[in-house]
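Structure record follows, encoded as structure tokens.
Read-outs: derived from the displayed coordinates by stated rules, not from any lab. Values in this document were obtained by computation on a predicted structure and should not be read as measured data. In this analysis, Cβ positions are derived from the backbone assuming ideal geometry, glycine residues included, and neighbour counts consider all displayed protein chains.
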Amino acid sequence: MNIRNKFFAADKINDHVTRISGMGGEKAFLIEGKERACLFDGCSGVGSLKAFVRELTELPVFMVLSHAHPDHCGAAFEYGACFMHPDDIGLLYTEFASGAEGRLGYDNNSWSEVEKLTTGTMADVVPAHAIKTYPCYDGDVFDLGGRRLEVIAVPGHTRGSIVLLDREDRILYSADAINPNTLFGMIGSTTIEEYRESVLHLKEFQGDFDLMYGGHNPDPQTPKIIDDALMLCDRIMAGEDDQIETVDMISKKKVYVAAKRGENFMPEYGGESNIVYQKDRVFGKKGNAVLSGEPFIG
Ligand SMILES: [Zn+2]
């Protein structure tokens, strides 16, 4: 089954999970149980994802946000409610996360493997407003009726980043928390030292999944990415990573890519993890970057 309109494209990864791509290639996942469906992430909010999802399932749908970034939070403003980790709520209401121009710019300007059928306009953007945010924490479980999704907190890319584990399907839905281009030059990111602790926690679940579907990559990763991420954290903290200097697209600050990129943006060393970080945010616990009044970026 492939369904699409001019804003979204959907394909099934199994008989009860639909992957939805926005125009910038950002991914949301509709996971159906017997009684209800979970929409994990909401793309950027260009076009109505809520209307698109209504074409995909008859079940009642609730939303869970992996983290409060502009390319993930869009449909939360249509549903008016979502589960998310409280540590990202402050971030959700920043101009960076929910501003309409930034979300539109993401979908119009991002590279994407999804063929774009339109160029979005401001009239297509779901406007941001205050919504009901229900807290979810590490260890919480969403019961869909015959299917359970377990919350694992992975602070790093943002302080409130969570991933979902389906033990029965042996799938981890990881959004931006761990992937071949994990970004730490972002608003709300933790230090690398803190992220290493999170990856160690995620490693407790390494034997519980075979495939890991992220928030952007077209192809799933494997559990080995956890070992690769730990290795890169160690190299960064020892000052022994590749340190490829580049500029963060959003903050325009100097950032470093931990492992040299090869074909298809994948790291040249053959592993699955890569990390983009700022040198002054490697060590220590800096607290919540948004709520502490620290500069958002850099
Ligand atoms: Zn993100």
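Points worth noting:
- Once the mean of 1/r is taken over each pair of separate Cα atoms and inverted, the chain shows a Kirkwood hydrodynamic radius of 19.0 Å.
- Tilt relative to the chain, helix 224-238 - C-alpha long axis, 0 to 90 degrees, to 10: 40 degrees
- Over all other residues within a Cβ to Cβ distance under 12 Å of residue 176, the charged ones net out to -3, with Lys and Arg as +1 and Asp and Glu as -1.
- Residue with peak Gaussian network fluctuation, the chain [Cα springs, cutoff 10 Å], from 250, 89, 236: 250
- Between the Cα long axis of helix 100-109 and the first principal axis of the chain there is an angle of about 80°, rounded to the nearest 10.
- Toward the positive end of the charge dipole of the chain, with +1 on the Cβ of Lys and Arg and -1 on the Cβ of Asp and Glu, the farthest Cα among 171, 158, 199 is that of 158.
- Fewest-first sequence of 201, 216, 69, 157 by Cβ atoms within 10 Å of each Cβ: 201, 216, 157, 69
- Protection-proxy order for peptides 278-284, 252-258, each taking the mean of Cβ atoms within 10 Å per residue, highest first: 252-258, 278-284
- Packing around the peptides 223-230, 144-151, 179-186, 123-130, taken as the average count of other Cβ atoms within 10 Å per residue, puts them in this order, highest first: 179-186, 223-230, 144-151, 123-130.
- The long axis of helix 192-203 is offset from the longest Cα principal axis of the chain by roughly 60 degrees.
- Pairs of Lys residues in region 1-141, spaced 8 or more positions apart or belonging to different chains, with C-alpha separations under 16 angstrom: 6 in total.
- Expressed to the nearest 5 percent, the antiparallel share of DSSP beta bridges inside the chain is 70 percent.
- Here the label points at residue 243 and residue 283, each 7 Å from Cα along the C-beta direction, are separated by 1.4 nm in the simple model.
- When the chain is treated as a GNM with alpha-carbon contacts under 10 Å, the residue of 112, 273, 66 showing the greatest mean-square fluctuation is 112.
- Point-charge dipole on Cβ atoms (K/R +1, D/E -1) for region 39-170, about Cα centre, debye to 20: 160 debye
- For region 46-125, the Kirkwood radius over C-alpha pairs fed into Stokes-Einstein at 10 °C and 1.306 mPa s yields D = 116 µm² per second.
- Applying 1/(1 + (r/R0)^6) with r as the Cβ-Cβ distance of residue 12 and residue 134 and R0 = 22 angstrom yields a FRET efficiency of 0.20.
- DSSP-defined antiparallel bridges as percent of all bridges, region 1-160, nearest 5: 70 percent
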